[in-house]
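First the structure, in the form of structure tokens, and then the observations on it.
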Ligand code: NAD
């Protein structure tokens, strides 16, 4: 079943972006409205994490290919930035329609290259689609301000695009995060160069084809592949005005520190360690289902995955049931019916995750459910790690690091104060949740816990795109967060005009030199 579904992957939409050479086909770049074969000498394999089969290869795009992508984006910007907002809106409407129509094509590509389950991959596309949907309200959301500030004098502001922008995206949400930028950068009149994760480029390539079909002129949306070299070129190119980055701490800090001194606007979503607090009065089923789902869903490879569950007081009695919930989850290939967790992205990721699990007993903690060595029939080579529960303290390496796998750490605390203290002492600030039936407790948590996205009886409190992504502390670098109102702020600059149109006979003949008020 797996191989037949995988081979049917995205047939209707994927042919244009695949070259004819090498194992699964070389992925082309998309430059100036053309899918172009790269002449790179360095290529990176894209592996199916369930089987280790090479399904694709991406080039380390050459400097001249990269420069031609930026040149195409700069050329397209001249006309695109002057294109009427109604036309840009119409193209985004069309893109929205096409993404809905091809959701399962994109999702299949994600399952094949990234490993998550098909249902989860569809969610990945849907969460990106929601940003495209809000982007199509641009004719309302981009309205400016106007005020008659004095007699015959008006001040009004408008929001203008920046120019060529770039997006550098991670492997774990290959559709959603590309769509955050694809929709907002272009609808506001910018052009965009995307550098998708080298591990799962397929979703971005299908999106490129859909952008073309939606009517985006050549050069408005471009894709270049590669890794650190291509990223450094993005940081250094003088024509790129803004960079949206989502990924790990090392790459994010590097990009922020390299690009901002060169005058670029950068928004960077980084790593996370999301905690939840379980109070003794919490609804048992709601809590346990949500905690297991958020800890182990997508094999823990979500930046809003739950990494730490703090049981307060008598709530610790729920731990045995959480163990049962974890053991009941099915680990298998993402295309298989009934799969709860697919593989993690690479053998290296698996080894790293298993290293953290092994460190727990060595450092004095306890493994409650051990996902190492999980056997998955039919997938002997997959990078599988089963749901893992470990009991830790905050000084252990499994607590201190972002594991990015299906490992949920359990901590027992005596009071809510103690739980909040643990959360606030953590360097990250992406999300935190509380499970309780007491409104006053929930309200206190919401006010006192520092992370930027708070869930109350909600384990993965990712804001819908009418709000904005609001991770903070070590989970974000920059000043203007992703999507929502701030997403429009990121992709626009304001121009404010003050005009005076007095009646001609009211104008005197003496100059005024004092500061106008
Ligand atoms: P990653 O940092 O390895 O890769 C992200 C992007 O940066 C990729 O396009 C990659 O090619 C590039 N890159 C990687 N290393 C680089 C380097 N040394 N120099 C220049 N560029 C480099 O991240 P990943 O493994 O793809 O994604 C997982 C990470 O992303 C996790 O840490 C996760 O928490 C984070 N993430 C955060 C959010 C959020 O919104 N906060 C969302 C999704 C993922």
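A short reminder: the numbers here are calculations on the coordinates, not readings from a lab. The shown structure was predicted, so the numbers you read here are calculated from the model rather than taken from an experiment. Note: ideal-geometry Cβ built from the backbone for every residue, glycine included; neighbour counts use all protein chains shown.
What to note about this one:
- Relative protection proxy for 498-510, 95-107, from highest mean packing down: 95-107, 498-510 (other beta-carbon atoms within 10 angstrom).
- Cβ-derived FRET efficiency at R0 45 Å, residue 236 paired with residue 495, nearest 0.05: 0.95
- Among beta bridges identified by DSSP and lying wholly in the chain, the antiparallel ones come to about 40 percent.
- Listing 486, 436 from fewest to most neighbouring C-beta atoms within 10 Å gives 486, 436.
- To the nearest ten degrees, helix 416-425 and the longest principal axis of the Cα atoms of the chain are 60 degrees apart.
- Global geometry of the stretch 58-180, whether rounded, prolate or oblate, following the gyration tensor of its Cα atoms and the 1.5 cut on a/c: oblate
- Relative to the dominant Cα principal axis of the chain, helix 347-362 is inclined by about 50°.
- Computed from the C-beta positions of residue 456 and residue 510 and an R0 of 60 Å, the FRET efficiency is 0.40 to the nearest 0.05.
- Of all DSSP beta bridges in the stretch 250-405, antiparallel share, percent nearest 5: 35 percent
- Taking the square roots of five times each eigenvalue of the Cα gyration tensor of the stretch 171-259, the equivalent ellipsoid has semi-axes of 21, 16, 11 Å, listed largest first.
- Subtracting the Cα-Cα distance of residue 393 and residue 260 from their residue separation scaled by 0.36 nm leaves 44.1 nm.
- Its Cα gyration tensor gives the stretch 291-341 an equivalent ellipsoid; the semi-axes, largest first and in whole Å, are 24, 14, 5.
- Working value for the stretch 201-344: equivalent-ellipsoid semi-axes of 40, 21, 13 Å, each the square root of 5 times a Cα gyration tensor eigenvalue, largest first.
- Per-selection Rg to Rh, the stretch 276-419 - Cα, Kirkwood hydrodynamic radius: 0.96
- The alpha carbons of the chain stretch over 87, 61, 38 Å along the principal axes, in descending order.
- Taking only the C-alpha atoms of the stretch 420-517, the Rg (one decimal) and the largest Cα-Cα distance, Dmax (whole number), read 23.8, 74 Å.
- Rounded tilt (10° steps) of 118-135 against the dominant C-alpha axis of the chain: 20 degrees
- Prolate/oblate/rounded label for the stretch 310-391 (Cα gyration tensor, a/c 1.5): oblate
- Residues in the stretch 236-260 reached by a label modelled at residue 67 [backbone nitrogen below 16 Å; 7 Å Cα→Cβ]: 236-240
- Calculated FRET value between residue 137 and residue 375, using beta carbons and R₀ = 51 Å, to 0.05: 0.55
- Relative exposure of 462, 194, judged by other C-beta atoms within 10 Å (fewest first): 462, 194
- Cα gyration tensor shape of the stretch 360-490, rounded if a/c is under 1.5, else prolate or oblate by comparing a/b with b/c: oblate
- Kirkwood-based shape ratio for the stretch 99-247, expressed as Rg/Rh from alpha carbons: 1.07
- Residue exposure proxy: 336, 414, ordered by other Cβ atoms within 10 angstrom of their Cβ from fewest to most, comes out as 414, 336.
- Whole-angstrom gap from the stretch 468-497 to the stretch 155-231, using each part's C-alpha centre: 17 Å
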